[in-house]
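Written below as structure tokens is the structure these notes are about.
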Amino acid sequence: MKRGFVVVVCGLFSASLAAQESGVLRFGGDAEGGAPFMEADPNDTSRVVGFEVDIAALLAAGLGRAPRFVQVGFSNLDPAVERGDFDIGMSGIEDNPGRRARLAVTVPYYEFREILTVRRADAARFRTFADLRGRRVATLGATGAAEILDRARVEHGVEPVIYEDDVHPYTDLAVGRVDAVLLDAVLAERGVRRNASLANQPTDLGAGHYVGILAPRDAALRDRVDGLLRDAMRDGRLQAIFTRWGMWNADQPRLYARVLAGSSGSLGAEGSKDPPLRTPESAAAATLRYLPALFRAALITLVLSCVSMLLAVASGMVIAIGRVYGGGLLRAALTGWVELVRGTPLLLQLFVLYFGLEAFVRLPALVAAVLGLGLNYGAYESEIYRGALQAVAPGQLEAARTLGFTTWQTLRLVRGPQAFKFALAPMTNDFVALLKDSSLVSMITVVELTKQTQILAANIGSWFLPGLVCAAMYLALSLPLARLARRLERRWGAGIHA
Amino acid sequence: MSALAVRDLRVARGERVVVHQVSFDAQPGELLALMGASGSGKTTILRAIAGLEPMAAGTIETGGVRLGPGPLPHGAALRALHARIGMVFQFHNLFAHLTAVHNVWLAPVHVRGEARASAERTARRLLDELGVGGRAEARPHELSGGEAQRVAIARALAMDPPVLLLDEPTASLDPERRAELARTVRTLVEGGRTVLAATHDADFVRGCADRVLLLEAGRIAREGSAGPGE
């Protein structure tokens, strides 16, 4: 077994070496980011197109290698490059001190402004963060905009809403789920192009730069890449690329001048109101700084799970009782519902509830989360309760009948209480499972424990410490539940299996 | 007027007829024993009278309540039937999640709407009278067969039915307890109740039954008064 593992590891290692030696430049990015960054080529979906792809091609040509795209989720680009999944990451990756401390970062090649997008009708009243006190403002997680928004939460009382992608903030803004979106101007322009009812505000709320990232051990390669980027700034090839993608503006020549003048050009844009960025902090310090946010997120996880479980228990009971006592039509309908819910992914159900039903009913994220989790688990609960109801000895039901109890009284006084005790242990297991599955609701903008941890991990570029803290918090929530279940089972379970 | 009148009772399970045209009456203050080998139809007759088994033909009448072929009684008809008839099952069928005394007062409170305190007093008195007052707080799984049998009788008696059906009442008892049970049942009968007992136990029948119906393959083969030599 061990030998097999060694062979596999050696195989992977030599494959990665082979990739370097065979003249391939692996560039990592998230094609879900879409144009102008990178997206699947409509004519050949196995290819990607975008300005990042063009720059990667430019660099590969300069290095005498062939570019090869590696798809990686946006928030995992940092750890993936450190692990060696690709040589250089380019996907609208923002420059920040944390990245510079951990990775080999190229010179910046594009400067962007963080701006607010609002509904056209609100353009006169929502101009700055101060106008948005108590309002929901959306952004993309693990970005500079998310950090700016977090400061605005403290300073101006806005309510940040963190999305996993940069499309839904704008669609949700259009339908009124949020009141503004803070993102870089490149994304904002695209958002406004796609939603005619939206408008960008001119106010500049901070600036940032796109960079390429490499593993620290590839510093030599990074230096060669920097040289190639500087050449492309000088001879206009970068300008040509950005012009082609409609992104060229007056900020870029100023940035290139600073980069070529030898300042690392890394941070601080001319004329920007960007507050001074923090110096890089240790993982432990960052984790400590995030602890209150993690506790808040853990509370959300707990409350969300409890309310969802209540809904699951209630809907599970209704379904189980309908399936045990109902007529043929009702039983068939309920069986169909249970199979539908159990046979499709919870994530899909959450998407349908939150985004899919948008045209008919605009559910708040937390409501959609509770409905999704509650109804999904309700289907599983119903199977447990149905089995538990059927496990109550039929003789007792006959005895209840000969005493004159109605069907409803028999259910309430005799069958239900015993079935509940049978169901208790599997139910608690499901509650623990639900507690963990609740992390899926981050996909519909609810920042719960896992999502908050992901934000922290993206911020410090490591999952190790955040992962440990997050695991400890989940355990602290689930272990008492498991103990409670065992105690209840001991106390209530006695004798009913006889 | 008889307390219970069974006329031409026929019960079928699918194609198989398990009770053929059985007719009998039972009077107030009478203990009628149904005897016969296993499978002779004793328990099925009791279940049909208790409204647990659908009838293929015939009628069962008790105190103005009449059962016939068709779906099992429910709602008001079921309540009317069980105001007249109580049943004690062979395996007691006590409610497993409740104490003995709770088993006894549950129906008076929820079916008849009695106050909980008075129903519980009656329940404790019944358990005392049946010799299991000391086990009032025990759960069914903590009771011996004999104790569970008595609690089940108390549960049926708490609804004060004029007709009591006992299915194999002595099956879970040792000989000493059987004699005790026979005395208890006799007291009930002498108090004016009608008791119909399905049993294998010849000693029990000799000890307390007034009349015996001997069943063979779902038919009444013989009828006679009980007592030595029967």
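Annotations for the structure displayed:
- Between B:Ser144 and any residue 5 or more places off or on another chain, the built amide H atoms are never under 5 Å apart.
- Protection proxy ranking of B:71-77, A:483-489, B:107-113, by the mean of other Cβ atoms within 10 Å over each peptide's residues and highest first, is B:107-113, A:483-489, B:71-77.
- Shape class for the range B:21-73: oblate, because the ratio a/c of the largest to smallest gyration tensor axis (alpha-carbon atoms, square roots of eigenvalues) is 1.5 or more and b/c is at least a/b.
- Rounded to the nearest 20 debye, dipole of the range A:111-208 from Cβ charges on Lys, Arg, Asp, Glu: 460 debye
- Taking every residue in B:103-112 and counting other chain Cβ atoms within 10 Å of its Cβ, the average works out to 4.
- Global form of the range A:111-208, assessed from the alpha-carbon gyration tensor, a/c cut-off 1.5: rounded
- Relative contact order of chain B, defined on C-alpha pairs under 8 angstrom at six or more residues apart (%): 29 percent
- Cα-centre dipole for chain B with unit charges at Cβ (Lys and Arg positive, Asp and Glu negative), debye to 20: 500 debye
- Spin-label pair B:Glu180/A:Gln71, simplified geometry with 7 Å Cα→Cβ offset, distance in nm: 7.8 nm
- Computed 3J(HN,Hα) for the range A:384-400, one whole-Hz value per residue from the Karplus formula 6.51 cos²θ - 1.76 cosθ + 1.60 where θ = phi - 60°, is 5, 5, 4, x, 5, 4, 6, 7, 5, 3, x, x, 5, 5, 5, 4, 4, glycine and proline marked x.
- Rough spin-label spacing in nm, given labels placed 7 Å along Cα→Cβ, for B:Ser118 and A:Leu488: 3.8 nm
- Local net charge near B:Thr170, Cβ-Cβ under 13 Å (Lys/Arg +1, Asp/Glu -1): -2
- Residue-count net charge about B:Met1 - beta-carbon cut-off 12 Å; Lys, Arg +1, Asp, Glu -1: -2
- Value at 222 nm in deg cm²/dmol, rounded to 500, when DSSP H runs of n ≥ 4 in the protein assembly as shown each add -39,500 (n - 2.57): -16000 deg cm²/dmol
- The range A:111-208, relative contact order [Cα under 8 Å, separation at least 6], %: 47 percent
- The long axis of helix B:145-157 is offset from the longest Cα principal axis of chain B by roughly 80 degrees.
- Footprinting exposure proxy for A:Leu347, A:Leu302 (fewest neighbouring C-beta atoms within 10 Å first): A:Leu347, A:Leu302
- Each other residue within a Cβ distance under 9 Å of A:Gln71 adds +1 if Lys or Arg and -1 if Asp or Glu, for a net charge of -2.
- Overall form of the range A:417-469: prolate. Here a/c, set by the Cα gyration tensor axes a ≥ b ≥ c, is 1.5 or more, and a/b is the larger of a/b and b/c.
- ³J(HN,Hα), Karplus 6.51/-1.76/1.60, whole Hz, each residue of the range A:167-173, x for Gly, Pro: 9, 5, x, 6, 5, 5, 5
Any read-out appearing in this document is the output of simple, stated calculations on the displayed coordinates, not a laboratory observation. In this text, all values refer to a predicted model and were calculated from it rather than measured experimentally. So basically every Cβ, Gly included, is an ideal-geometry build from the backbone, and we count neighbours across all protein chains shown.
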